[in-house]
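Notes follow once the structure below has been shown.
The values are calculated or read from the model by the stated rules, or taken from the named source; none is laboratory data. Please read all numbers here as calculations on a predicted model, not as lab measurements. So basically every Cβ, Gly included, is an ideal-geometry build from the backbone, and we count neighbours across all protein chains shown. What goes into the accessible areas is simple: the full protein's heavy atoms, side chains included, and nothing from ligands, DNA or RNA. Shrake-Rupley method; radii C 1.70, N 1.55, O 1.52, S 1.80 Å.
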Amino acid sequence: TDIMINCNDGGANVSLNGGQTWSTQLNQPTSEFYRITVDHQFPYRLYAGQQDNTTISVPSEELRTLTETESWYEVGGGESADVAIDPRDPDIIYAGTYSGEITYVNRKTGERRQVTPYPHYTEGTRQRDLKYRFQWNYPLFASVHEPGTVYIASNYVHKSTDQGQTWQVVSPDLTNKLDQYHDIPGGPVQHDGTGVEIYSTIFALEESLTEKGVIWAGSDDGRIHLTRDGGNNWQDITPREMPVEGTVNKIELSAHDPARALVAVYKYRDGDFRPYIFLTNDYGKSWKLLTNGSNGIPANHFVRAVAEDTKVKGLIYAGTEYGMYVSFTDGTSWQSLQLNLPHVPITDIEIAENDLVLSTQGRAFWILDDLAPLQQAKKAASAANHFLYEVEDTYRTNVGGWYGLGATIRFYLKNPAEKDTVYLRITDSNGRLAALWSSFPEENAGSIDSKEGFQSVKWNLGYPAPKMADNFVSMEFSAGREPGPQAVPGTYLVGLTVGDWKSSTSFEVKIDPRWTGITAQGLTAKFELEQEIIALINESQEMVREIRSIRQQANSMAANAVKAGYDTELKELADRLDEKLTSVEDQIIQNKIETSQDEINFPRVFSNHIARLYRVVVDEHNHVTGGMTERWEDLKTEFSGIRTMYEAVKATELKAFTNALTEAEIAYILYPQK
C-alpha cells in the first residue's frame, strides 16, 4: 500500500496510490440503490431499497453464518425506499416506497404494518389531483430527540408521534409548486405514470443531531427551507446560486457546528451536468459554492451526494455520477478518491464507525474501512521526519472472522538511513509484548520494509503463540500454524523505532457491546490461564527438542567412537539412553501421526491433549469454565509425572553415558543446564 503525501501551498495534497481499498458488501445484478441508511448496531448494518426488488439490510462485517446471504434480510417498504431506524431500538424500522406508503417493522416481535399518512395512488394520477405529492423515494427519519416520532416528506413535512398511527402536517408547501409539470407524465404513445415522475416535492429532509426542533428541507425544484422550532415556522434559505429547478439530493449536517451544512444539488435532467455543492456556516444566511468545474471535480461530473468527516472539519467527501472525490481544504480543491471503486453513480454517502459507506447505482454497497489516513493527512504532510498515524480503537469480538476485526497500524518513513533497522512493537498495559514487526529478519517478528513510503500492517489481536516442536501435527493445530491468545480489553501502546528516532501512540481494545455477562476482568483471567498453558506447552516442546538433540548427539558420538576403535559398551549405553529418551518423548508427542486426520488412528498423548485444551480456551470469548480448570489441573499432574520420568533418565542413563565418555576421555554432550 502507498499513500504519498506532498505539501502544497500550506495545505496537504494526498495522492492515494493503492493505499486503501473499497470493499463491496452487496453485489447483485438487480441492485440499484437511491439512498442508504446506517444504524448504530455492532457491527453496523446498511439499509436501502433495491430497484425492482425489496428493501435490504446487510451487515458491515463478516458474520459467522453458513452462507453470505444468511445475514441479509428485507425490512418492509419497497424498491424505492428510504429507511429509518428507531434510535432507541434497531429492531424497529420504518421504510417507504412510492405513493407515500410507509411500513413499520419490529424484527424482534415480527410485527409489520402499513402506516401510510394518506393512502392514495400516485401512479396514473394527475399530480395536481394529489392531496400530497410524494416522490418515488421520498425522505424520512426517526427523531433522535423525540422517542417514537417519525418525519416524512411529500411537498409538505409530515410528523407522527405514535409510530405512524396518526400524522400531522408541520409545514407549508416547501416547493415551487410548478403546476405546468403536474399533469400525467408521458405521451403521446404511453402515459407511464409510476410515481417516480412526481415533481415539486421535498427530496431531502434532515434533523439536527444536536438541536431539538431544527430540521432542514430541500426540494427537487430548487428550494431549501429551515425550521428551528419543530415546524412552527419555516425560513426559505435557498442559495442565490441555486440552479433554477435544481434537485436538492442530499443535505449533510456537520458534526462540528450545528449552523454548518453542505448540500448536493443536480440538474442533469435539464442537460446541466455541472457539479453543485453548497456550504453554509450560519444556518443558510449565506452560502458558498464549492464546485466551479475547475477545482478538481470535472465540469460534467454532477454531484449526487456529499458528506463531511465527523472527526476533521473541512474534510469533505463527494459522490458524483462518475465516482468519488475528496477535499482536504474545506471544498476549495478536490481530488479523486476512486481507488478500486468502479466508475459508477454514487447515490448516497454515510459515515459509520469511522468508515465511509456508499450506495451506488452500480449494484453494490461499498465501504472504505478506517478513515484515519485521510483524517491525519495534513499532520503527516507537515511532519519533519517519519510519521506514525494514530490507531483507531477496535473491538474484541467474534465478528469479522476468528480473530475479529483487528487493528490497523500505519506509518510513513521519510528518507530512512540505510543502516537503520525499523521496529514496530505493540505492548499491553503491563508492558508485555503483544506483537512485533521488524525490517531485519528476526524470529517471531513480522516483516516490514525500511524503504521510504507508506506502510500498513494489520494486528489480528493475537499474542505470540506456543512454539511446537518440529513435525508436531494434530487436529487442533500443527507446528507453524499455532493460534495465539487474543488481546483482552484495555489500552495498547504502539511504538515505532527507526534507528534512533522513536514515536508512539495508543489505542483501545474494547469489548463487543452486544455481549452480556462477559467482562474485561473475566477475559483477563482467561488470558492469564492461556499464558500458563502456553508456558507448559513450551516447556514440554522444549523437552522434546532437548530429547531429540541428546539422542542424536549420543547416537552419533557412540557410532563414531566405535568406528574409531572404542569399546562397544559406549554404543550399548547410547542405545539404552535412546530407548529411555524415546519412552519419554512418546508420552509427550505421538510421532506416528503424519496428517491431522491420523490423530484418530493412534492413541493421543500429552501434546495432543494440551493442544485440545488450549484451543478450547483460546477459541472462546468467555470466562474460564469449570471444565477448563478441571482439565488443566489434570494435565499439569500428568506432565509432572513426565517431567519426573525425564529427570530420572538424565540422572541415570544419561549420567552413565556421560561417565563413560569421561572415562574414555571423549567430550561431553552439550545440553541446557537448569
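Rounding to the nearest 20 debye, state how big the charge dipole of the stretch 432-567 is about its Cα centre with +1 on each Lys and Arg Cβ and -1 on each Asp and Glu Cβ.
Computed charge dipole of the stretch 432-567: roughly 180 debye.
When only the heavy atoms of the protein chains count and the probe is 1.4 Å, how do Val649, Val169, Val473 rank by accessible area, highest first?
Val169, Val473, Val649
Among the helices of the chain (complete DSSP H runs), which have Cα atoms covering no less than 27 Å along the helix axis and a Kyte-Doolittle mean of at least -1.0?
520-563, 569-588, 626-649
Gain in length, Glu508 to Glu390, computed as 0.36 nm per residue apart minus the alpha-carbon separation, to one decimal in nm?
Answer, rounded to one decimal: 41.3 nm.
Testing the spin-label approximation: label points 7 Å from Cα along Cα→Cβ at Asn106 and Asp449. State their distance in nm.
It works out to 5.6 nm between the two label points.
Taking the Cα centre of the chain as origin, sum charge times position over the Cβ atoms of Lys and Arg (+1) and Asp and Glu (-1), and report the length of that vector in debye to the nearest 20.
So the magnitude is around 860 debye.
Starting from the Cα of Lys563, draw a straight line to each of the lysines and keep only those under 18 Å, dropping any in the same chain fewer than 8 residues away.
Lys571
I want the local charge near Asn106. Using Cβ-Cβ distances under 15 Å, sum +1 for each Lys or Arg and -1 for each Asp or Glu among the other residues.
-2
Calculate what fraction, in whole %, of the accessible area of the chain sits on carbon and sulfur atoms when a 1.4 Å probe is rolled over the protein chains.
46
Given the Cα-Cα distance of Thr125 and Leu63 and 0.36 nm per residue of separation, how much length would full extension add, in nm?
Full extension of this stretch gives 17.8 nm more.
Ranked highest first by average number of other Cβ atoms within 10 Å, how do 493-499, 190-196 line up?
So the peptides 493-499, 190-196, ranked by packing, come out 493-499, 190-196.
Which of the aspartates and glutamates could be linked to Lys285 by a straight reach, that is with a Cα gap under 19 Å, when you skip same-chain ones fewer than 8 residues away?
Correct list for Lys285: Glu206, Glu207, Glu211, Asp229, Asp236, Glu241, Glu252, Asp257, Asp330.
For Lys580, list the aspartates and glutamates whose Cα falls under 12 Å from its own Cα; do not include residues on the same chain fewer than 8 positions away.
List returned: Glu647, Glu653.
Please tell me which of these pairs span more than 19 angstrom C-alpha to C-alpha: Lys379/Lys419; Lys526/Lys636; Lys458/Lys526?
Lys379/Lys419; Lys458/Lys526
Report, in cubic angstrom per residue, the convex hull volume of the C-alpha atoms of the chain.
Cα convex hull per residue, to the nearest whole number: 200 Å³.
Sorted by mean Cβ packing within 10 Å, highest first, what order do the peptides 305-318, 449-462 take?
Answer by packing, highest mean first, reads 305-318, 449-462.
For Gln531 and Ala417, calculate 0.36 nm times their separation in residues minus their Cα-Cα distance, and state this gained length in nm to one decimal.
Length difference between fully extended and current span is 37.2 nm.
Return one whole number: the accessible area per residue of the chain in Å², for a 1.4 Å probe.
Accessible surface, normalised per residue, equals 44 Å².
Rounded to the nearest 20 Debye, what is the dipole magnitude of the stretch 357-466 about its Cα centre when Lys and Arg each give +1 and Asp and Glu each give -1 at the C-beta?
Dipole size: approximately 220 debye.
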